[in-house]
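The values are calculated or read from the model by the stated rules, or taken from the named source; none is laboratory data. Remember, it's a predicted structure, so these values are computed and weren't measured experimentally. Note: ideal-geometry Cβ built from the backbone for every residue, glycine included; neighbour counts use all protein chains shown.
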Amino acid sequence: MISTFVRIAATGLLALSLLVPQTSPAAVMTGTITGRVIDASTLQPLQDVNIYLGIPGAFVWAHSAADGSFTIDLTPIQYNPTTPWQVYFVKAGYVTTPTNKFTMTTSGYVFGSEPAIVPASFPLPREPAPPGPCAESTGLPALTETLYLPNITKNLGGPTGWYTPFIVQNTGTTSTTLEVSFYKFADGSCVARSLVSGLAPGTSYANDPRDTVKNPALPVEGQFAVVVKSFGSTVVGVVNEHQGTGSRAEALSYNGFTSGAITVYLPNITRRLFGLFVTPFIIQNLGTNVASVQSTFRTFDGTGSPVTILRAIEPGRSKPIDPNSDDALLGAPGLVDNKQYAVTVSSTQPVAVVVNTHADAATVANPVAYATDGVITGGATIYGPYGAKNAAGINRYSTIVVQNLGATAVTPTITFTPLANGTGTANTYTFATPIQPNSSKAFDPRFSFSTQGTTNTPCSTGGADCLADGEYSIKITGGTSLAAAVNVISDQSGATAMGYAATAAPATKYYLPNVTRTLGGANGWTTPIVVQSVTATGATVEWRRFADGALIATQILAIATGSALRIDPRTVSSLTNDTQYAVTVTGTGGTVTAVVTELNFEGGDGAMIYEGFPSP
């Protein structure tokens, strides 16, 4: 036993010698590192976790107590104050996980002193569930791209509950094979996997989770993170979310993700706003390791302290945060009713976020819902192809929520340009008070410019202090890095809502995976496109039929630079009713942006919108 002890001690000293930075002058640490470790799923303390300072070796620096707390004694080591450190946690049944790197002071380090770097209670994720009934695909060419869909459901909530058809478009020049995998929210297990072969360039593949031919093994009333791997070509994808029937039908749409970021911005998150609106959001891990994710909520009005919510998410999997819930595993304890929040999501792995906004409690006569993607990249100038005030004969209007992603306060300006062949008068609005870093402010076109955020006095005359009724394209400037959510709402009887995120990335070519003409009948889904010119003088629009990939129509259109043009599939003579198309839009001599407005006329909230995909 003595010789064994000597060997272990020698190994520990060797690990220590590797930890000591070979720089001078050096100082003796006399302080401690203190913290707490918890189960990432239950948020309960974890006892007897082996804790290492640096990469795990034979020398264990500390063990967690019954309440999850631990203390590392730093007296045996030397240090350089500029050296970054990490603490690793090891326990059977859990993923070995490090903290972010941090810098120690002369007295050591306290978990939670820098919550954006190391939380006070560090969440340790359990080892992923077994892979489930998903056989490994073999004999495929090299992987070209991976598409992530954070929130896919099958009759979630009952027979008329949420279901989410998704559409994947081939944006490359060669055919591709898709591998589609479904992972359960509940435990992360893979429950279904299928292959789709021969998807031709420019064409789209559609999958409704309720389709028992395409998804024979998918559980009913399930919620899933979906990963689509493409072998042969680049792809994009869009998800349509539906629930209810008749006057209580709801529809919303979001874009899938082929890349993520370690920081994602959500301009507009609410908790029971006006007693109605709530914005649950879903975070998917696009990385290769477990993601430790922190979501920080800051009120629009600057009151209260920021609220930080933690999640640990396995690769490819998703987890939700419901602002209305105080359940630590599901919700966001500490938020206040009737408040709006700007949220910053920070992660140790790239993530993607989709926000679903609902006003659909049983007491709401006309339920509505809409979705937006979290913003990965802001810009000094951002663009929105569509906004409205008292439009479409149903009082459709667009609130615009601008988030400041920069390091200093800014006062952005919104420029409104009437749609081509539409109504409205060009105008600009500059926020009256600055937007602080990581915070948001809202503009509501129903109110005069001078009373925004104060008395909110309605106006209808147009002019210098009032946006005239009409439909517009939007440009937002006035900061180093901005993001914006555009919420398009009708508050008349039979209310509708749809939303999208402004873009900082205009491009010469855009892909629109799902465009339809009277799909489902005369009152079924028709999806007008709105193309915004940034520097282009026009656009070429190509329509390819889902059924066989055939190029059915090509339009060459003129668009005034800075304006936007609506293209209704019902006005394109060579298209046919009850048909789906994959569409590409190419700018003439410059860049464009594009969105697709999806509308039906069968009652309820028959409106949703999604952003076009810039060419990869």
Please determine whether any residue of segment 28-42 is more than 19 Å from Val95 (Cβ to Cβ), within 35 Å of the chain's Cα centre (by Cα) and without any contact (Cβ under 8 Å) to a residue 40 or more places away in the chain.
no
Specify which of the listed residues (Ile262, Ile269) is under 20 Å from the mean Cα position of the chain (by Cα) and surrounded by fewer than 18 Cβ atoms within 10 Å (Cβ to Cβ).
Ile262
If you check Pro141, Pro119, Pro125, Pro115, which single one turns out to be loosely packed, with under 13 Cβ neighbours inside 10 Å, in contact with a strand residue (DSSP E or B) (Cβ under 8 Å, 6 or more places away or on another chain) and either among the charged types (D, E, K, R) or touching a residue at least 24 places away in the same chain (Cβ under 8 Å) (or both)?
Pro141
Residue check, Ile269 under 26 Å from Ser189 (Cα atoms) and touching a strand residue (DSSP E or B) at 6+ places or on another chain (Cβ under 6 Å):
no
Filtering segment 200-232 down to residues that are farther than 27 Å from Phe281 by Cα and touching a Leu at 6+ places or on another chain (Cβ under 6 Å) yields Phe231
Out of Ala409, Ala432, Ala426, sole residue that is without any contact (Cβ under 8 Å) to a residue 12 or more places away in the chain and not polar (S, T, N, Q)
Ala426
Condition check for Asp360: outside the structural domain of Ser490 (by TED's automatic domain parsing), on the phi < 0 side of the Ramachandran plot and over 18 Å from the mean Cα position of the chain (by Cα)
yes
Sole residue being surrounded by fewer than 20 Cβ atoms within 10 Å (Cβ to Cβ) and within 14 Å of Asp322 (Cα to Cα), chosen from Thr303, Thr296, Thr245
Thr296
Name the single residue, out of those in segment 184-201 being surrounded by fewer than 20 Cβ atoms within 10 Å (Cβ to Cβ) and among the small types (Gly, Ala, Ser), that is nearest to the chain's Cα centre (by Cα).
Ala186
Please verify whether Asn456 is part of a loop (DSSP other than H, G, I, E, B), outside the structural domain of Gly606 (by TED's automatic domain parsing), more than 28 Å from Ala352 (Cα to Cα) and of a type in the set (S, T, N, Q), treating the condition exactly as stated.
yes
Check off (1) assigned to a loop (DSSP other than H, G, I, E, B); (2) under 30 Å from Thr584 (Cα atoms) for Ala251 and give me the number that stays unchecked.
(1)
Sort out which residues of segment 326-344 are within 18 Å of the chain's Cα centre (by Cα), among the small types (Gly, Ala, Ser) and farther than 17 Å from Gly374 by Cβ, and write them in order of number.
Gly331
Do we have any residue at all in segment 435-443 that's out of contact with any Cys (no Cβ under 6 Å at 6 or more places or on another chain), surrounded by 18 or more Cβ atoms within 10 Å (Cβ to Cβ) and β-branched (Val, Ile, Thr)?
yes
For segment 500-526, pairs from a residue that is on the phi > 0 side of the Ramachandran plot to a residue that is in a loop (DSSP other than H, G, I, E, B) and not acidic (Asp, Glu), with Cβ under 8 Å and 6 or more apart or across chains, are Thr518/Gly524; Thr518/Asn577; Gly520/Asn600
Taking Pro437 as meeting all but one of (1) of a type outside the set (Asp, Glu); (2) farther than 29 Å from Val534 by Cβ; (3) assigned to a loop (DSSP other than H, G, I, E, B), write down the number of the exception.
(2)
Tell me yes or no: at least one residue of segment 345-352 is surrounded by fewer than 21 Cβ atoms within 10 Å (Cβ to Cβ), without any contact (Cβ under 8 Å) to a residue 60 or more places away in the chain and either within 30 Å of Thr99 (Cα to Cα) or under 24 Å from the mean Cα position of the chain (by Cα) (or both).
no
Which listed residue is crowded, with 21+ Cβ neighbours inside 10 Å, over 27 Å from Thr357 (Cβ atoms), touching a residue at least 24 places away in the same chain (Cβ under 8 Å) and out of contact with any helix residue (DSSP H, G or I) (no Cβ under 9 Å at 6 or more places or on another chain), from Ala497, Ala564, Ala485, Ala539:
Ala539
Candidate set: segment 445-482, residues that are hydrophobic (A, V, I, L, M, F, W, C) and under 28 Å from Thr503 (Cβ atoms); chosen: the one surrounded by the most Cβ atoms within 10 Å (Cβ to Cβ):
Leu467
